[in-house]
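Structure, as structure tokens:
A short reminder: the numbers here are calculations on the coordinates, not readings from a lab. Because the structure is predicted, anything quoted here is derived from the model rather than measured. Ideal geometry is used to build each Cβ from the backbone, glycine not excepted, and the neighbour counts take in all protein chains shown.
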Amino acid sequence: MSSKVKCKTCFGSEVEDLVLSAQKGDKEALDELIRIFSTAIKNAALSYNIASLDNDDLSQEGMLGFLSAVFSYRKGTGASFTTYANVCIENSIKSALRAATRQKHAILNNALPLEPLQSRATDKGNPEERYIAKENSEFLTEFLFHDLSEIERKALSFYLAGYDYSEIASTLGLTVKSVDNALQRVRRKLRKRKQKH
């Protein structure tokens, strides 16, 4: 399966420049990245046909995976940002599927995308989809930059990139319990903001 998103509004170097700006705290760059990738993220979640799971939850997990990619990406590691982001998005969605279907491993093992990710991305869309993408972008930007502390953002980023608690603790110079506490706070804050929204 190819994991490249076709983006007609940005070239690879432009996307990577936006990523570097977002990592430095540029909210407009992050908003633009979310706008560019939001349809692909939504479609990635929709491609998993599991009746017992809500597509909105999977989309949110995909978006968290994308945000993790934005903040953990390192240029010059051999993979383009788009490739790296797609892996993080897919891993985040699959992780949510595993968590939701722990007793149903057969379902998880058979959960495959209905189509390749490259055919899911489009920067075109109806006005409603663009409006929803803009709202999601604003929601996530507010959440990341106003609700989370730096430690919470970093812990979330590493967690969504596939690091386990002990690896995160070692990387950030924290205890495993501190990492667990930070991620629990992230979950509580996300639930709280989602209820307000």
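Of the peptides 168-177, 30-39, the ranking by mean beta-carbon count within 10 Å, highest at the top, reads 30-39, 168-177.
Residue by residue, segment 182-188 carries 3J(HN,Hα) couplings of 4, 5, 5, 5, 4, 4, 4 Hz when phi is fed to the Karplus relation 6.51 cos²θ - 1.76 cosθ + 1.60 (θ = phi - 60°); x denotes Gly or Pro. The alpha-carbon of Lys94 sits under 15 angstrom from the alpha-carbons of these aspartates and glutamates, leaving out residues fewer than 8 places away in its chain: Asp54, Asp56, Asp57, Glu61.
Plainly put, segment 149-197 has a radius of gyration that is 1.02 times its Kirkwood radius, both from alpha-carbon atoms, as the Rg/Rh ratio. The length gained by stretching the chain between Arg35 and Arg74 to full extension, at 0.36 nm per residue less their Cα-Cα distance, is 11.9 nm.
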